[in-house]
């Protein structure tokens, strides 16, 4: 009964957030950017909850943690230092200052102003919409095993998640999403700490030293930080998920909204701590799972036919009922926060960059906000439909989305912030190279290949050099434009 109690409290909090924040929405700036007045703790938690979905606790822990053990800690290092600390350090203040001064509210609108190209705005808006909406469906992946363990119909749980997300986005927009993210982030931190404590205290695990001893007896590679078997999949995934956050619009959007450049410094430390707790917890949980199920035969004997079943099973056998129930709410929280960020990013590019930017430039602020609200609901419904209807095409888009979206946007965005010599032609060449690498890699290796995270990493890094090389041999922007962009008096 614990899970029904926790779920009831959680639902009440989310509905309360929607009710309270509805009164604070006065226009598009409030709905999309929170009036650019979000405090550092809220910003940090919003960034973290958008970064880490339930997949990290179910799919990542059950597959990567069980398969590779201690080497998965490299992903913790990458996500914490590169994906969080350096992202805020390098991008946070600069993004906030430049987008605020230029009046840019989305990634495509920033690129349009930086490179004076409506076509670039339209293309990047299309890429974001086309790949992020299917990606939003992935937040439901694998959760059915968890819900079934509590006797909850997965379909009912999915409907609840989608309905709650649609409600608080419709009424409160980014303000509601940010407040919900803070609540959900607190649930995630508390849940992870409790799960790590109870699993580590389990007699079968014997603490951290006992876990290392058991893993070493199963396979010494499980406790070897760097080894041949894990190097490519672990380092590829570490790079993909760490560098990738620098180019994902739903992540960068958090920098637009923080109330000041000074606040970004505080948010950096909070976000880094959040990332460490969540990623370490997920990696630890996945690694500990190997103690309970040391080989394929033991998994088969327990009926674990999918990696997504491992963590729910461990929750059932190793955690007190009330902790397991809290973890259920944790997973729902992680799913909803990521879904909300993706939906808000997608609805904003359609309403701001397509409709108002191209089709109807004179669209009023009130009508733009109504459109964004309706699109939020529509995209939540669409993500739900894509999640419950098996379709190999959608699954392929999910697998490609992280590397492809970040690969196309990271170089134009990062170099646009810092390098005055970047040209429009260089940006087009960079986007083309990212598409070629990602699609070519998927064709050559196969969409589900172990090499695809490495391909995604290459698709994000290589365009930086392509943009720079082409920019150096093409005509630079006039000095007046550069002075305007970089606020040079």
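The values are calculated or read from the model by the stated rules, or taken from the named source; none is laboratory data. Just so it is clear, the structure is predicted and the values come from calculations on it, not from any experiment. So basically every Cβ, Gly included, is an ideal-geometry build from the backbone, and we count neighbours across all protein chains shown.
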Exercise. Does residue 215 satisfy the condition of being more than 20 Å from residue 7 (Cβ to Cβ), surrounded by fewer than 24 Cβ atoms within 10 Å (Cβ to Cβ), under 26 Å from the mean Cα position of the chain (by Cα) and touching a residue at least 60 places away in the same chain (Cβ under 8 Å)?
Worked result: no
Problem set entry | Leading residue by the ranking (surrounded by the most Cβ atoms within 10 Å (Cβ to Cβ)) among those in the stretch 40-58 that are modelled with pLDDT under 90 and either more than 19 Å from the chain's Cα centre (by Cα) or more than 26 Å from residue 350 (Cβ to Cβ) (or both) | 57
Problem set entry | Among (1) within 17 Å of the chain's Cα centre (by Cα); (2) modelled with pLDDT of 90 or more; (3) buried (at least 24 other Cβ atoms within 10 Å of the Cβ), the one test that residue 285 misses | (1)
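Matching residues to (1) more than 23 Å from residue 429 (Cβ to Cβ); (2) part of a helix (DSSP H, G or I); (3) at pLDDT 95 or above; (4) in contact with a strand residue (DSSP E or B) (Cβ under 9 Å, 6 or more places away or on another chain):
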| position | (1), (2), (3), (4) |
| --- | --- |
| 441 | no, yes, no, no |
| 444 | no, yes, no, no |
| 447 | yes, no, no, no |
| 458 | no, yes, no, no |
| 463 | no, yes, yes, no |
| 466 | no, yes, yes, no |
| 477 | no, no, no, no |
Exercise. Residue check: is residue 191 at pLDDT below 90 and over 16 Å from the mean Cα position of the chain (by Cα)?
Worked result: no
Exercise. So is residue 103 surrounded by 21 or more Cβ atoms within 10 Å (Cβ to Cβ) and either out of contact with any helix residue (DSSP H, G or I) (no Cβ under 7 Å at 6 or more places or on another chain) or touching a residue at least 24 places away in the same chain (Cβ under 8 Å) (or both) or not?
Worked result: no
Exercise. What pairs come up if the first residue lies in the stretch 143-171 and is under 16 Å from residue 324 (Cβ atoms), the second is surrounded by fewer than 17 Cβ atoms within 10 Å (Cβ to Cβ), and their beta carbons are under 8 Å apart, counting only those six or more places apart or on different chains?
Worked result: 143/154; 145/306; 147/153; 147/154; 148/154; 149/316
Seminar exercise, completed: Only unsatisfied item for residue 136, checking (1) more than 26 Å from residue 282 (Cβ to Cβ); (2) under 18 Å from the mean Cα position of the chain (by Cα), is (1)
Seminar exercise, completed: The condition of being under 18 Å from residue 50 (Cα atoms), at pLDDT 85 or above and out of contact with any strand residue (DSSP E or B) (no Cβ under 7 Å at 6 or more places or on another chain) holds, among 159, 128, only for 128
Seminar exercise, completed: Looking across the stretch 139-148 at residues that are buried (at least 20 other Cβ atoms within 10 Å of the Cβ) and within 19 Å of the chain's Cα centre (by Cα), the single one that is modelled with the lowest pLDDT is 142
Exercise. If you scan the stretch 410-420, which residues turn out to be touching a helix residue (DSSP H, G or I) at 6+ places or on another chain (Cβ under 6 Å) and within 13 Å of residue 464 (Cβ to Cβ)?
Worked result: 410, 411, 412, 415, 416, 417
Exercise. In the stretch 21-77, what residues are touching a strand residue (DSSP E or B) at 6+ places or on another chain (Cβ under 6 Å) and not in a helix (DSSP H, G or I)?
Worked result: 38
Problem set entry | the stretch 305-319: number of residues that are in a helix (DSSP H, G or I) and more than 23 Å from the chain's Cα centre (by Cα) | 6
Problem set entry | All positions within the stretch 115-125 that are surrounded by fewer than 24 Cβ atoms within 10 Å (Cβ to Cβ), on the phi < 0 side of the Ramachandran plot and touching a residue at least 60 places away in the same chain (Cβ under 8 Å) | 115, 117, 118, 120, 122, 123
Exercise. Got a sec? Which of 435, 410 is crowded, with 20+ Cβ neighbours inside 10 Å, modelled with pLDDT of 90 or more and in a helix (DSSP H, G or I)?
Worked result: 410
Problem set entry | Single match in 297, 302, 238 (criterion: within 20 Å of the chain's Cα centre (by Cα) and over 26 Å from residue 166 (Cα atoms)) | 238
Problem set entry | Identity of the residue in the stretch 442-489, over 23 Å from residue 418 (Cβ atoms) and without any contact (Cβ under 8 Å) to a residue 40 or more places away in the chain, that ends up nearest to the chain's Cα centre (by Cα) | 449
Exercise. Regarding residue 173, is this residue at pLDDT below 90 and either buried (at least 24 other Cβ atoms within 10 Å of the Cβ) or over 26 Å from the mean Cα position of the chain (by Cα) (or both)?
Worked result: no
Exercise. When the stretch 402-441 is examined, which residues are found to be without any contact (Cβ under 8 Å) to a residue 60 or more places away in the chain and under 24 Å from residue 53 (Cα atoms)?
Worked result: 438
Exercise. Residue 66 versus (1) under 18 Å from the mean Cα position of the chain (by Cα); (2) surrounded by 22 or more Cβ atoms within 10 Å (Cβ to Cβ): which is the lone unmet condition?
Worked result: (1)
Exercise. Does the stretch 195-204 contain at least one residue that is in contact with a helix residue (DSSP H, G or I) (Cβ under 7 Å, 6 or more places away or on another chain), surrounded by fewer than 18 Cβ atoms within 10 Å (Cβ to Cβ) and at pLDDT below 90?
Worked result: yes
Exercise. Restricting to the stretch 256-286, what's the tally of residues that are touching a strand residue (DSSP E or B) at 6+ places or on another chain (Cβ under 9 Å) and assigned to a helix (DSSP H, G or I)?
Worked result: 4
